[in-house]
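Structure, as structure tokens:
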Amino acid sequence: MRESTVHALVVARTLLEQADPLCSSDDRYIASTGLVVLQDALEAVLYALLLERGVDDEKNLERKSFDELIGELKAAGVVVPRSGSLKALNKQRVLVKHYAQLAEPAMVRSYYADAQEAIAVMTTAVIGQSLRALFVSDLLSEGESKGVLKLAEQSIKDKRYLEALIETRKALFVEFEEDYNIYGWRDFDGTRQEGLLGSLARGGWRAPSWTRSKEWIEKNVKVPTDYVQIDYQDWRLQAMELGIHTIELQNLRRLTPDVFRVDRNAGWSVTYDASFGVSNATESNALYCLDRAVSIILKKHQHAQARREPAKDVPFEPPPIYVGRMLHERAATDSPTVHTVRDGFTYSIRRIVGGFKPTESFYEVSAVSVKQSDKTLLGGPEEFYRGYLLIRPE
């Protein structure tokens, strides 16, 4: 589905939700207002479905009247149920909006039912689902954050606003805060050396360095959500790179409960002020936080999708490395020797680099002792070398 289609349908669905209670009213003024909103929602649906069918590539839809949009959709092979009633609805909307003639509530309810039927049939035919099944979070790529935001949107629909805010914060944790989780450092006292993989496995590398220790955690982490320690300088830089306003991230953190989990298999811990539910668990706050969460996570996903990596689908056939050759500390033959090629080691070539002398080129080579190469690098002594091997002309 095109992103422009989703945007238009989300607008239409929001308008339709606003029209629902208005069109059900027995008050002529309120029902007439609902009719105007209903027609706007219907027109947004027609426009969105034409975008999805690509009609805008050939025709200027902005200049089409309501009746012409219906005609274009039929011409594109889409059945438009109750089209006569929909055209009559549009004419009644003109009378209400431009000539201040009120509509009868019973007639408005009839138009509303016809519009609902038409929208359901048309959207199912074009996008494979009804408008009611479309969530704002459908803008996002598949993943955990999209799942929890769908739960947040459903919670808003069910008027469970505190649950909606919690689910929204979970998405923020998954996409941003988890990088600042220092839980993995709770037993690190710095008395023993760790291999690179062991340190990386602890996570939390975006958190301030002084928080990544057993001593600091024992003194400062009083509740599970305290394991999230934001480095605000890094936080701002990350936001700038993604094109996100820092204030939006901060608003989301202020207006939603704190959440934390150890890993994907663990349950969530939630922390919030005693008065939070009464003061902040409102429809407007839940809608604002959901909208902002979708917006910033969408920017992050789009940023990731823009990344391009060099192809590695054709394997590199390494040349033979002969016993007695030397690995140098730098890409220069006059630099110190760090290792001499010998039996008992496995060798791998990572890069081909130009030397400090323009006439020389080198292989960047890693050497690992055979008895160590089948072990993990989680710690302990190991015989490992990295250096530069001169590429000799054939």
Unit charges at the beta carbon, dipole of the stretch 215-259: most positive-side option, Ala239, Trp216, Leu249: Leu249
Using a Förster distance of 45 Å, the FRET efficiency for Asp27-Glu142 (Cβ separation, nearest 0.05): 0.55
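For the stretch 241-375, state the average projected area of the convex hull of the C-alpha atoms over all orientations, rounded to one decimal in nm². If you can, show how the numbers build up before the last one.
Working: hull surface 62.7 nm².
Averaging across all directions leaves 15.7 nm² for the Cα convex hull.
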Carbon and sulfur %, accessible surface of the chain computed with the full protein complex present, 1.4 Å: 51 percent
Rh by Kirkwood over Cα pairs, then Stokes-Einstein D for the stretch 1-90 at 0.692 mPa s and 37 °C, µm²/s: 240 µm²/s
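Determine the per residue accessible area of the stretch 81-120 with all protein chains present and a 1.4 angstrom probe, expressed in square angstrom.
51 Å²
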Net lengthening on full extension, Tyr99/Glu383 (0.36 nm per residue, minus Cα-Cα): 93.5 nm
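Computed over the Cα atoms, what is the radius of gyration of the chain divided by 2.2 N^0.38 Å, N being its residue count?
Numbers: Rg = 30.8 Å, N = 394, 2.2 N^0.38 = 21.3 Å.
Relative to the rule-of-thumb radius for its length, the chain sits at 1.44.
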Dipole magnitude (debye, nearest 20) for the stretch 209-266, charges at Cβ of Lys, Arg, Asp, Glu: 160 debye
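Find the Cα radius of gyration of the stretch 59-155, compare it with 2.2 N^0.38 Å by division, and give the number to two decimals. Don't jump to the answer; show the numbers that get you there.
Values: Rg = 17.1 Å, N = 97, 2.2 N^0.38 = 12.5 Å.
The stretch 59-155 yields a ratio of 1.36.
If the limit is 31 Å between Cα atoms, which of Lys74/Lys299; Lys170/Lys219; Lys59/Lys97; Lys157/Lys300; Lys91/Lys150; Lys170/Lys214 go over it?
Details: Lys74/Lys299 36 Å; Lys170/Lys219 26 Å; Lys59/Lys97 28 Å; Lys157/Lys300 26 Å; Lys91/Lys150 37 Å; Lys170/Lys214 26 Å.
Over 31 Å Cα-Cα: Lys74/Lys299; Lys91/Lys150.
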Taking the convex hull of Cα positions in the stretch 318-368, its mean projected area over all directions (nm²): 3.5 nm²
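Ignoring ligands, DNA and RNA, what accessible area per residue does the stretch 35-77 give at 1.4 Å, in Å²? Write down the numbers at each step before the final one.
Values: 1910 Å² over 43 residues.
I get 44 Å² per residue for this part.
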With 10 Å bins from 0: P(r) over the stretch 154-290, alpha-carbon pairs, percent: 11, 37, 34, 14, 3, 0
Cα-derived Rg over Rh, computed across the stretch 211-310 with Rh taken as Kirkwood radius: 1.01
Overall dimensions of the stretch 199-243 as given by Cα atoms, namely Rg and Dmax in Å: 12.1, 36
Share of pairwise Cα separations in the stretch 1-44, more than 13 Å, in percent: 50 percent
Computed helical MRE - 222 nm, the chain, DSSP H runs ≥ 4 contributing -39500 (n - 2.57), nearest 500: -15500 deg cm²/dmol
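The values are calculated or read from the model by the stated rules, or taken from the named source; none is laboratory data. Keep in mind that what you see is a predicted model, and the values were worked out from it rather than measured. Positions of Cβ are generated from backbone atoms using ideal geometry, with glycine treated the same way; all protein chains shown enter the neighbour counts. Heads up: the accessible areas ignore ligands, DNA and RNA and are worked out on the full protein's heavy atoms, side chains in. Shrake-Rupley method; radii C 1.70, N 1.55, O 1.52, S 1.80 Å.
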